[in-house]
Amino acid sequence: MLDNASDLVVGPVFDTVDIGLVVLDSHCCIVGWNEWIARVSRRKARDVLGKTLLEVFPEVQHTRLTEVIDDSFRAGSSSILTHTLNELLPLQGESGEPLLHNIVVRPVSTVHASYCLLQITDVTVAVTRERVLRERQNARYHAIVDSAPDAIVTIDDNRNIQWVNGAVDDVLGYSHAELLGQQIDILLEPGSPLLQALAQTSVDSKAENAISVVGRHKHGKSGYFDVSLGHWRADQRNFVTTIWRDVTERMEADAALRDARDALQKSNEELESRVDERTREREIALQQLHESQKMESIGQLTGGVAHDFNNLLAVILGSLSLLKKAVPDNPRVSRLLDRAILGAERGATLTTRLLAFARRQELKVEFVALQKLIPEMLDFLRHSVGPNVVIHIEILPEVCAVEVDANQLELALINLAVNARDAMPQGGTLTIACHNENHGTRVGLPRDPFVCITVTDTGEGMSAATLARAQEPFFTTKGVGKGTGLGLSMVQGFTAQSGGAMRIGSEPGKGTKVTLWLPRAKESSAAAREETQPIQPAEARSLRVLLVDDDILVSMGAADMLLDLGHSVTEAQSGSYALKVLESDGPFDVVVTDYAMPGMNGFELAQRIKAGHPRLPIVLATGYAELPADRSIEFGHLSKPYTSKDLAAALEKALVARRP
Ligand SMILES: Nc1ncnc2c1ncn2[C@@H]1O[C@H](COP(=O)(O)OP(=O)(O)OP(=O)(O)O)[C@@H](O)[C@H]1O
Ligand SMILES: [Mg+2]
């Protein structure tokens, strides 16, 4: 509806449009008021026309509306006032609800005057639609955020927590209420990289990859998280939304995988080093095998030579002792004979060492208590090493007895003591110690219990090259005529033949330690030893002796000794001939036979004789240790080379044994 006076009469259009139209003149009096505004303001045109806008709506006095109307008249400017930012007119919808509206203010000029047009638009529908849309959007957003498995924490620019999602409870152990208003720092370790990232990034920063942090759970437990940051701005304020993905399990799995990989690598390395070690051990074993095969060959050769040499010495010694008896009154001849006997005896000692190295000597294995044997040798040892060497003996009472040939053991210890003396020309200390040792496997021996005797000196020691060859027969560093190089060979052969071993440790300037591994005596052998009865001497009488030896020289020597002892002798040069003589020429009181003979050996012969003549005493003469183990039970025994005294003793023992 329009004022009749107005120039702005445009007919019914003014009242028909679906927006509010208000026209003000330059005095701000209402000159145009259409139907739409009349309806929503509940004021008819006739009531308002001619009145100022302030008179109709006093509440707009201090609002921007009066300002922009003013601007429109003064400066001819147009403005839009929206309901969201401004207080506008008190308009109402059909049901009396406040009507949300925007107002466009623009100047209107005619030929006669200037006016201001207010265009009022109802935005209720648009706003409602927008609100519904926003609410739907919010609902969707909350549904997503609250169902997310990751914790989502939004902070303001003071790092204060403004908002959290439902997952914080599960992920970090805090309820909403406990976190809101707190600083995000309570979820982090001091100096956490997340705090640095928050300080260094802003809304304008490019989105970064997630940051790996250690997060603190409510109850002090820590966990690993990948945290993504999203900066945003609202109402002039900065916010950061942090999304916390718990990667503890993944990190732990990674760590376990890393550990497993490390362990695998380590075990691979161990395996490799074990293979290397095994290869080295194998090489050493092969070297040792080669060495022992070499020794075996030298041993066989040496043993053969020594055996033959032994037979010759037996003849020489036998003949010399008979000769000595034959010329008792000539001191000069006697002296010469003594010297010859001494020389032959030294030769016999040498062959004994050779046989020891070749492991072919006859061992009289017996129960040996080291607590007794070693102290008893002390005087002799002192004599052997001289006054410059101090001897220490360390044998505890619990050290067990050993089962070896006592004489050979003494000889071995003397050899070692003499070596020690030679290594300590300025004097020093020689220590002989004993201990029980269970693990023979350490030196390649079976698992039986052993006793170790260590002979240690403080001498000059050996170079690696000397140490490598020290046990070889005839190896000596002592110069021609001074050392035979058979000392250690003898000791080595003796321990090996006794079922033990010898090991040498030595370094130049640090002395030498030789360890003898000897088999421990069984309890039963001690008891058996105690039961052994002393032999009663047989009556002195002339015997018929059948003497069997393939070596004529040896046979003649032995026959001379027997004759000298007052016996009668029949000689046979082979086993088969001896059996014939036994049948054709018998009976005999005793048979003395060599062991090593071609064809039938002495032991076979003895068994054949025993089968036909069970009560006939038999004596086996041998330089070898290769007789069957139980021979000593069945037959008498004589070690070569022997003297006439040894022969007499062996005969006596054999006769006593067969005595009914
Ligand atoms: N205790 C030791 N200290 C230093 N070197 C030693 C020792 N024992 C042995 N040897 C070295 O080993 C070599 C061989 O010793 P072995 O006893 O077999 O022969 P030998 O002593 O030379 O001669 P033999 O013992 O026949 O008189 C010696 O020449 C010496 O070089
Ligand atoms: Mg020696």
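Values quoted throughout were computed directly from the atomic coordinates according to the rules given, and no laboratory measurement underlies them. Quick caveat: nothing in here was measured; it's all calculated off a predicted structure. Heads up, the Cβs are rebuilt from the backbone with ideal geometry, glycines too, and the neighbour counts pull from every protein chain shown.
With 0.36 nm allotted per residue and the present C-alpha distance subtracted, the Arg159-Ser542 stretch has 125.2 nm of extension available.
For segment 20-40, the residues whose amide N sits under 19 Å from a probe point set 7 Å from the Cα of Gln61 along the beta carbon direction are 28-30.
So the label point goes 7 Å from the Cα of Thr52 along Cα→C-beta, right? Which residues of segment 25-40 then have their backbone N under 13 Å from it? The answer is 25-30.
Gain on full extension, evaluated as 0.36 nm per residue between Ser26 and Ser228 minus their Cα-Cα distance, stands at 66.7 nm. Rounded, prolate or oblate: which fits segment 351-471 when a ≥ b ≥ c are the square roots of the eigenvalues of the alpha-carbon gyration tensor, with rounded for a/c under 1.5 and prolate only if a/b beats b/c? It is rounded, given that a/c, with a ≥ b ≥ c, falls under 1.5. Report summary: the helix-based calculation at 222 nm, which adds -39500 (n - 2.57) for every DSSP H run with n ≥ 4 and divides by the residues of the chain, gives -14500 deg cm²/dmol. Full extension of the chain between Arg335 and Asp15 yields a length gain of 97.9 nm, computed as 0.36 nm times the residue separation minus the alpha carbon distance.
Once the Cβ-Cβ distance of Lys324 and Phe475 is raised to the sixth power relative to R0 = 41 Å, the FRET efficiency obtained is 0.65.
Diffusion coefficient of segment 148-246 by Stokes-Einstein, Kirkwood radius over Cα pairs, 4 °C, 1.567 mPa s: 97 µm²/s. Of all DSSP beta bridges confined to the chain, the antiparallel ones make up roughly 75%. Oblate is the label for segment 2-127, because the ratio a/c of its alpha-carbon gyration tensor axes (a ≥ b ≥ c) is 1.5 or higher and a/b is not greater than b/c. The lysines whose alpha-carbon is closer than 21 Å to the alpha-carbon of Lys324, local same-chain residues fewer than 8 away aside, are Lys640, Lys645. A straight Cα-to-Cα reach below 20 Å connects Lys478 with the lysines Lys510, Lys513, residues fewer than 8 places away in its own chain not being considered. Taking 7 Å steps out from each Cα toward its Cβ at Ala649 and Ser297 produces label points 4.0 nm apart. With the convex hull constructed from alpha-carbon coordinates only, segment 146-197 shows a mean projected area of 3.6 nm² over all directions.
Along the Cα-to-Cβ line of Glu281, 7 Å from the Cα, sits a label point; which residues in segment 422-450 have backbone N less than 17 Å from it? Inside the label zone: 439-447. Working from the Cα coordinates of the chain, the gyration tensor eigenvalues give, after taking √(5λ), semi-axes of 135, 25, 20 Å in decreasing order.
Among 484-490, 574-580, sorting by the average number of other beta carbon atoms lying within 10 angstrom of each residue, highest first, gives 484-490, 574-580. Segment 13-62 and segment 306-371 have Cα centres spaced 158 Å apart.
With the highest mean first, a sort of the peptides 588-594, 386-392, 104-110, 398-404 on other beta-carbon atoms found within 10 angstrom per residue produces 588-594, 398-404, 104-110, 386-392. In terms of its alpha-carbon gyration tensor, segment 253-383 comes out prolate; a/c meets the 1.5 threshold, and the first ratio a/b outweighs b/c. Of the trypsin sites (Lys or Arg not before Pro) found in segment 180-281, those in coil by DSSP whose Cβ has at most 13 other Cβ atoms within 10 Å are Lys206, Lys221.
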